[in-house]
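First comes the structure, then the notes that go with it.
The values are calculated or read from the model by the stated rules, or taken from the named source; none is laboratory data. Small disclaimer: the values here were computed from a predicted structure and weren't measured. All Cβ positions, even for glycine, are placed from backbone atoms using ideal geometry, and neighbour counts span all protein chains on display.
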């Protein structure tokens with residue numbers, strides 16, 4: 001009996017180890033928004049959203065993450081950016097952020113995509129993000145922000161910070177405070193959104209259709225209350 005029990009216990013332990021390994025792999029892929037298939041889907045979504053232009057008037061460029069793309073929505077044209085006034089062009093990429101390694105899908109940070117995004121020749125640039133920088137060191141966020149401001153030199157800019165998404169709520173205050181401080185250092189207005197009460201999908205990270213509308217309306221109202229400015233040259 002003793003000898004029969006040992007293989008069973010070993011087999012049971014092996015199953016547990018395999019399950020834990022599988023769960024860890026799923027977590028890493030989910031956290032990074034990574035894996036070849038997922039990254040490819042993010043690229044397809046980014047292209048689809050970039051092809052959608054909403055509104056009329058002053059040309060507005062939104063550089064952002066999955067929220068600007070509308071990840072999780074059946075109709076990407078209903079992402080929050082559609083609530084902004086003007087002719088709105090979105091250049092978003094799910095999982096990306098200010099820091100270079102917020103995403104594991106390659107060179108897709110805001111800085112990496114800014115030069116191409118500016119091809120729409122905007123009168124105003126709205127940078128939205130921060131939730132994907134939740135586990136990045138402050139130095140990486142600062143470096144990415146600095147490089148982005150250099151990219152946007154000469155353009156009127158507003159930075160929109162992260163909302164308090166439940167799945168990343170613990171990290172939001174740190175990222176929010178740093179982005180506000182960096183925006184002040186570069187002389188561009190910062191729109192705080194961490195106070196908003198929004199509706200989220202079951203993943204507790206992405207917005208429902210109502211959440212997108214409420215976020216977009218709030219951001220549009222708050223941008224109307226500030227004066228977009230060109231980033232200052234900051235010596236580091």
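Checking the structure you have, find out if any residue of region 170-181 is touching a helix residue (DSSP H, G or I) at 6+ places or on another chain (Cβ under 8 Å), assigned by TED's automatic domain parsing to the domain that holds residue 61 and within 25 Å of residue 59 (Cα to Cα). Within region 170-181, one or more residues are touching a helix residue (DSSP H, G or I) at 6+ places or on another chain (Cβ under 8 Å), assigned by TED's automatic domain parsing to the domain that holds residue 61 and within 25 Å of residue 59 (Cα to Cα).
Taking region 177-195 as the range and being surrounded by 20 or more Cβ atoms within 10 Å (Cβ to Cβ), without any contact (Cβ under 8 Å) to a residue 60 or more places away in the chain and in a helix (DSSP H, G or I) as the test, the residues that pass are 182, 183.
Under the condition of being surrounded by fewer than 24 Cβ atoms within 10 Å (Cβ to Cβ) and part of a loop (DSSP other than H, G, I, E, B), the residues counted in region 85-94 number 2.
Look at residue 102 and say whether it is at pLDDT 95 or above and either part of a helix (DSSP H, G or I) or touching a strand residue (DSSP E or B) at 6+ places or on another chain (Cβ under 6 Å) (or both). No; evaluated as a whole, the condition is false for this residue. Taken over region 118-131, the residue count meeting the criterion of being surrounded by 23 or more Cβ atoms within 10 Å (Cβ to Cβ) and not in a strand (DSSP E or B) is 4. Scanning region 199-213 for residues that are crowded, with 19+ Cβ neighbours inside 10 Å and part of a helix (DSSP H, G or I) turns up 211, 212.
Every condition in (1) crowded, with 20+ Cβ neighbours inside 10 Å; (2) over 17 Å from the mean Cα position of the chain (by Cα); (3) without any contact (Cβ under 8 Å) to a residue 60 or more places away in the chain holds for residue 115 except the one numbered (1).
Residues in region 63-83: is at least one assigned to a strand (DSSP E or B), crowded, with 20+ Cβ neighbours inside 10 Å, touching a helix residue (DSSP H, G or I) at 6+ places or on another chain (Cβ under 7 Å) and in contact (Cβ under 8 Å) with a residue 40 or more places away in the chain? Checking region 63-83: at least one residue is assigned to a strand (DSSP E or B), crowded, with 20+ Cβ neighbours inside 10 Å, touching a helix residue (DSSP H, G or I) at 6+ places or on another chain (Cβ under 7 Å) and in contact (Cβ under 8 Å) with a residue 40 or more places away in the chain.
Of the residues making up region 153-169, just one is surrounded by 16 or more Cβ atoms within 10 Å (Cβ to Cβ) and out of contact with any helix residue (DSSP H, G or I) (no Cβ under 9 Å at 6 or more places or on another chain), namely 156.
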